[in-house]
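Remarks on the structure that follows.
The values are calculated or read from the model by the stated rules, or taken from the named source; none is laboratory data. Because the structure is predicted, anything quoted here is derived from the model rather than measured. Here the Cβ is made from the backbone with ideal geometry for all residues, glycine too, and neighbour counts use every protein chain on show.
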Amino acid sequence: MTRRFLFVLGSSRPDGNSEMLARAAAEQLPDDVQQVWIDLARHPLPDFEDLRHDSDHVRPEGDSRALLLEATLAATDLVIVSPLYWYSVSAPVKRYLDHWAGWLRTPGLDFKQTMAGRTLWGVTALAHDEEEVAEPLIGTLNHSAAYMGMRFGGVLLGNGSKPGDVLHDTAALTRAKTFLAGEAPFARFPYDTDAAAV
């Protein structure tokens, strides 16, 4: 299967530091690799309604949910691009991941089986010198990938607060040159998989 990257942009700021860092990483991809970029600010999702004990979910049509679902299913590689907000992913990204719970329960969709074996990546900019503060964000993405049976390519971290700051983070830009290359290992839970809440 030809690699197809879906970059899901989760910032409230256009052309923010996380997106700049993601674009620096994407520039290194071969020309034959497809890239799709979807900005959650331009394609906002409604709040997720959990119907798991009431009724089956229906396949979304004709809106941002359908666009994101189809793009997600078509991706071999999914890159979550989110600034570090309160030590985790942004609200639009969290809402997108919440919708995965509905897609898991949509009859005939086979969302989990389709995504299994594909790769989840993350790119984030943080306004801290201590990269350890991004561990909750990394955990969210790793555990989501593990639950889905996906590979996890890790998270590319860059430092930036004001617009364009990340372009001065030479270490992050160096890491970006090889970040999306190669095959990532399967994600693993650090705890019993039965504890997953999804």
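Does T178 count as in contact (Cβ under 8 Å) with a residue 24 or more places away in the chain and either in contact with a Lys or Arg (Cβ under 7 Å, 6 or more places away or on another chain) or at positive phi (or both)?
In short, no.
Scan the range 163-174 and tell me whether some residue there is of a type in the set (A, V, I, L, M, F, W, C), within 18 Å of the chain's Cα centre (by Cα) and within 27 Å of P30 (Cα to Cα).
First, pick out the residues of the range 163-174 that are of a type in the set (A, V, I, L, M, F, W, C): 166-167, 171-173.
Of the ones still in play, those that are also within 18 Å of the chain's Cα centre (by Cα) are none.
No; the residues of the range 163-174 include none that is of a type in the set (A, V, I, L, M, F, W, C), within 18 Å of the chain's Cα centre (by Cα) and within 27 Å of P30 (Cα to Cα).
Give the range 148-167 a look and list any residue that's surrounded by 18 or more Cβ atoms within 10 Å (Cβ to Cβ) and over 16 Å from V79 (Cα atoms), or say none.
N159, G160, V166
Can you confirm whether L173 is more than 18 Å from S82 (Cβ to Cβ) and either in a helix (DSSP H, G or I) or free of Cβ contacts under 8 Å to residues at least 60 places away in the same chain (or both)?
yes
Going through the range 67-87 one residue at a time, which ones are under 18 Å from A41 (Cβ atoms) and of a type in the set (G, A, S)?
A71, S82
Within the range 1-39, take every residue that is of a type in the set (A, V, I, L, M, F, W, C) and free of Cβ contacts under 8 Å to residues at least 60 places away in the same chain and give me the one that is farthest from G160 (Cα to Cα).
The qualifying residue farthest from G160 (Cα to Cα) is V33.
All but one of (1) surrounded by fewer than 23 Cβ atoms within 10 Å (Cβ to Cβ); (2) farther than 25 Å from G182 by Cβ; (3) modelled with pLDDT of 95 or more hold for A101; state the number of the condition that does not hold.
If we test A101 against (1) surrounded by fewer than 23 Cβ atoms within 10 Å (Cβ to Cβ); (2) farther than 25 Å from G182 by Cβ; (3) modelled with pLDDT of 95 or more, just (3) comes out false.
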